[in-house]
Amino acid sequence: MTEIATSSLVEWSRWQFAMTAIYHYMFVPLTLGLSFLLALMETLWVRTGNEEWLRAEKFWMKLFGINFAIGIATGLILEFQFGSNWSNYSWFVGDIFGAPLAVEGLFAFFMEATFFAVMFFGWNKVSRRFHLTSTWLVFAGSNISALWILVANAWMQHPVGMEFNPLSARNEMTDFWAVLGSPTAMNKFFHTVTSAYTLSACFVVGVSGWYILRKRHMEFARKSILLASVFGLFSILATIFTGDSSAQDVTRTQPMKLAAMEGLNRGGHGADFTLIGIPCRDEALPSERMRSVKYGITVPKVLSFFGYHDFDAFVPGMEDILNGYTSHEGVTYPSVEQRMANGRLAIDALRAYKQATDAKDEAAAKESLAVLRENYGDFGYGYLNAPDEVIPPVTLVFYSFRLMVGLGMLFVVLFAAAAWWAKKRQFDRFRFMPYFALFCVPCAYIASQCGWIVAEVGRQPWVVQDLMPTHIAITRIASGWVVTTFWMFAVLFTLLLAAEVGIMCSQIKKGPKGN
């Protein structure tokens, strides 16, 4: 009964956090990208004196403000859940995870909020150049805020720059710059913000396309489409480039995530990339968590190239990781079963160290500490019950990755076509374009959510890679409380989302001021 209760608590805690994160991230990308577009529009107005750019900026600023306000509400609840639902995690890594979040709150968010007020209410109260500077600082603040949050998230994916303190059972930061500048953090930041810019560009092109469809505010819509499509084209190309860097990082630091993304059971040299396929349960596979990809269309050796920029590089599959393998760089990784044994040694050594310290037995404490440090890299494996628990939900990760990539290719077509369409003023021809642009708006949100599913579901069962599995990170509270708050937040967030969509639609129908 206790195991069932714990399982229920873990699942409901995960669902609650996932729901909060999904709702929150519906608002964040638009904030990041629109702030950039607002700064560009105001710069064009200041430099050219063209009032159409000022008109465009003031319209999109209203939508930015609505989105910004509601995003704050969901973000606050998300951060509170670290203490309420994930207290063991907060204790274990709070010294490291809390630092970037503190910097984000004390510096980036306050800078963003301060100049947000000037940007919104400073018209005719401050000079043009000061107002322009404020708008650029809102953009800088929102993106610096994203940097610190993504640094914290990247550390969970690849923990670096820290040392475990056995007396407090906490990880403590030893190298701030290693945490901030890790390749995982930089790849995650640039890939996330450029994808956010892509979503914002889709939003602007789609809404502007609606005005073209209705034959309203034609010049405003044309200028908005032209700027947003060029901005979006650069953004999606940067997203593709940073996605390539992220793939290499995942290959080295989270090989099981890569194997799940590909449905790759047995790896090898010159591994093929699957364009599309159907992951199916196969009784012949050694674990029911694995999937066999049926009817797959593959491109020879491309997965090896994506992982190492070497067409003949070795890429491990799920079976290789379970049984142990030697990586392309020549590093030998033991089997998961052996890592579980190492993890149990580390957990027992930590317990023995505390007992020896309390008994003031220096020799025993020193011996236990040596065993702990030798095996600490596999600490989290000691809490697993079976080796195949390290395999994430393959089907969900597999499809999410392909949907994200496929929609990304669609956005390249959208931005290139929309830029030409607006530049040539071909509004009476190619009348499918406004419909295409509107279709891509929800697609951008789907692609954005799919990216986070790949990143977060793909690293399960770990909340901190190799060091803490998810079921150990939770707060030991009655699952009924989590169920109750889950439905409370579900209703609240749905109402907030409905309110945002309703208010935005109302503002869009009104359109920009003037003809």
Measuring from a point 7 Å past the Cα of residue 513 along Cα-to-C-beta, which residues in segment 199-230 have an amide N at less than 11 Å?
-> none
Roughly speaking, to the nearest percent, how much of segment 395-515's 1.4 Å accessible area is carbon and sulfur?
-> 73
Report, in whole Å, the centroid distance computed from the Cα atoms of segment 190-248 and segment 18-55.
-> 11
Which value, in debye to the nearest 20, describes the size of the charge dipole of the chain about its Cα centre when Lys and Arg Cβ atoms bear +1, Asp and Glu Cβ atoms bear -1, and nothing else is charged?
-> 3020
Scoring only Lys, Arg, Asp and Glu (+1, +1, -1, -1) among other residues with Cβ under 10 Å from the Cβ of residue 222 yields +1
Using 1/(1 + (r/R0)^6) with R0 = 22 angstrom and r between the beta carbons of residue 241 and residue 95, what's the FRET efficiency to the nearest 0.05?
-> 0.05
If every Lys and Arg gets +1 and every Asp and Glu gets -1 at its Cβ, then about the Cα centre segment 168-259 yields a dipole, in debye to the nearest 20, of 560
Local electrostatic count at residue 122 - Lys and Arg +1, Asp and Glu -1, tallied over other residues with Cβ under 14 Å | +2
Given 0.36 nm per residue, what is the gain on full extension from residue 295 to residue 69 after removing their alpha carbon distance, in nm?
-> 76.7 nm
Computed for segment 109-265: size of charge dipole around the Cα centre, +1 on C-beta of each Lys and Arg, -1 on C-beta of each Asp and Glu, debye to nearest 20, value 1000
Which of 247, 203, 185, positive extreme of dipole for segment 180-257 (C-beta unit charges) = 203
With point charges of +1 on the Cβ of Lys and Arg and -1 on the Cβ of Asp and Glu, referenced to the Cα centre of the chain, which listed residue (164, 304, 421) lies farthest in the positive direction of the dipole?
-> 421
Within a Cβ distance under 14 Å of residue 333, other residues only, what is the Lys/Arg minus Asp/Glu net charge?
-> -4
One-quarter of the Cα convex hull surface for the chain, in nm²?
-> 27.0
Using bins 10 angstrom wide from zero, how does P(r) for segment 259-390 break down, in % of all Cα pairs?
-> 13, 30, 26, 17, 10, 4, 0
Extension reserve of the residue 43-residue 385 stretch, reckoned as 0.36 nm per residue once the Cα distance is removed = 117.3 nm
Each residue of segment 112-125 in turn: what ³J(HN,Hα) in whole Hz from Karplus with 6.51, -1.76, 1.60 and θ = phi - 60°, glycine and Pro shown as x?
-> 4, 5, 5, 7, 4, 5, 5, 4, 7, 10, x, 4, 6, 10
Per Stokes-Einstein, at 4 °C and 1.567 mPa s, what whole-number D in µm² s⁻¹ belongs to segment 288-330, with the Kirkwood radius over Cα pairs as the hydrodynamic radius?
-> 108
Taking alpha-carbon centroids only, segment 279-298 lies from segment 95-145 a number of Å equal to 49
Kirkwood Rh and Cα Rg combined as Rg over Rh, evaluated for segment 380-440 | 1.40
May I ask you to evaluate 6.51 cos²θ - 1.76 cosθ + 1.60, the Karplus curve with θ = phi - 60°, for each residue of segment 155-168 and list the ³J(HN,Hα) values in order in whole Hz, giving x for glycine and proline?
-> 5, 5, 6, 8, x, 9, x, 9, 9, 7, 9, x, 6, 9
Note to self: with every protein chain in place and a 1.4 Å probe, the chain gives an accessible area per residue in Å² of 45
Kirkwood-type radius of segment 195-341, with distances r between different C-alpha atoms, in Å = 18.0
Taking only DSSP H segments of four or more residues, each worth -39500 (n - 2.57), what value at 222 nm results for the chain once the sum is divided by all its residues, to the nearest 500 deg cm²/dmol?
-> -24500 deg cm²/dmol
Whole-Hz Karplus ³J(HN,Hα) for segment 453-460, in order, using 6.51 cos²θ - 1.76 cosθ + 1.60 and θ = phi - 60°, x for Gly and Pro?
-> 4, 4, 5, 9, 6, x, 9, 4
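The values are calculated or read from the model by the stated rules, or taken from the named source; none is laboratory data. Nothing here was measured: the structure is a model prediction, and the numbers come from that model. Because the Cβ atoms are built from the backbone with ideal geometry, glycine has one as well, and the counts that use them run over all protein chains shown. For the accessible areas, the whole protein counts, side chains as well, though only heavy atoms, and no ligand, DNA or RNA atoms are used. Shrake-Rupley method; radii C 1.70, N 1.55, O 1.52, S 1.80 Å.
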